[in-house]
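Remarks on the structure that follows.
Coordinate-derived values only; no laboratory data. Computed from a prediction, not measured in an experiment: that's the story for all the values here. Don't worry about glycine lacking a Cβ; one is built from the backbone with ideal geometry, like all the others, and counts go over all protein chains shown.
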Amino acid sequence: VEKFKNGFINLALPLWVFSEPLPPVQKKSVEYDPICAGPVRAKPEGFTSWDKVEIKGPCTLQELFDQIGEQYNVNTSMLSAGKCILYNQYHPGGKHKERLGKTVHEIYASISKEPIPEGRRYLAVEVSCEDKDDMVDVMIPAVKYTW
């Protein structure tokens with residue numbers, strides 16, 4: 001990051017602007033998060049938005065949850081990709097339980113009503129989860145699911 005610098009000069013105005021990018025913000029565990037109204041743990045501690053968890057598929061939603069659970073010792077409660085909620089365990093009537101046996105990209109294609117672009121073999125998904133031991137909310141890096 002230290003090697004990247006930018007300079008801008010506007011000759012119409014007496015304006016010279018020089019800037020440097022900041023390093024990414026590191027996620028830290030907190031005792032009280034006002035949004036979650038309780039403690040939130042970062043796993044791994046200090047991860048950034050540049051970090052990704054790569055999961056190679058194709059795999060079903062349940063297999064994806066199992067891999068994330070083994071790696072971070074968490075239970076997954078919600079999975080989203082872009083503006084689509086792929087799975088929500090709190091959905092009334094347990095309607096999303098039937099999705100556990102389907103592959104992640106099939107679920108995304110059916111929910112988004114748009115085909116995945118030709119040649120694109122990945123999805124960036126966000127995971128909401130809680131620790132298996134004490135049920136504290138856990139933040140993990142974004143997941144890059146490839147198939």
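For the chain, give the share of DSSP beta bridges that are antiparallel, in percent and rounded to the nearest 5; count only bridges with both residues there. If we restrict to bridges inside the chain, about 75 percent are antiparallel.
Working ranking of peptides 123-132, 44-53 by packing, defined as the average number of other Cβ atoms within 10 Å per residue, highest first, is 123-132, 44-53.
As a calculated quantity, the FRET efficiency between Asp33 and Asn73 at R0 = 30 Å, using C-beta atoms, amounts to about 0.95.
What's the FRET efficiency of Lys113 with Leu11 using the Cβ-Cβ distance as r and R₀ = 35 Å, to the nearest 0.05? Once the sixth-power term is evaluated, E becomes 0.10. Restricting the calculation to alpha carbons of region 60-110 gives Rg and Dmax of 10.7, 30 angstrom. Summary of the geometry: region 65-93 and region 8-29, compared by the centres of their Cα atoms, lie 37 Å apart. Dividing the mean sequence gap of close Cα pairs (under 8 Å, 6+ apart) by how many residues region 71-147 holds gives a relative contact order of 35 percent. Pairs of lysines in the chain whose Cα atoms sit within less than 17 Å of one another amount to 13, provided the residues are eight or more positions apart or on different chains.
Of Pro58, Pro23, Pro14, the residue with the greatest mean-square motion in the GNM of the chain, using alpha carbon springs below 10 Å, is Pro14. Each Lys and Arg Cβ is given +1 and each Asp and Glu Cβ -1; about its Cα centre, the chain then shows a dipole of about 540 debye. The value given for the chain is a Kirkwood hydrodynamic radius of 17.7 Å, derived from the mean inverse Cα-Cα separation.
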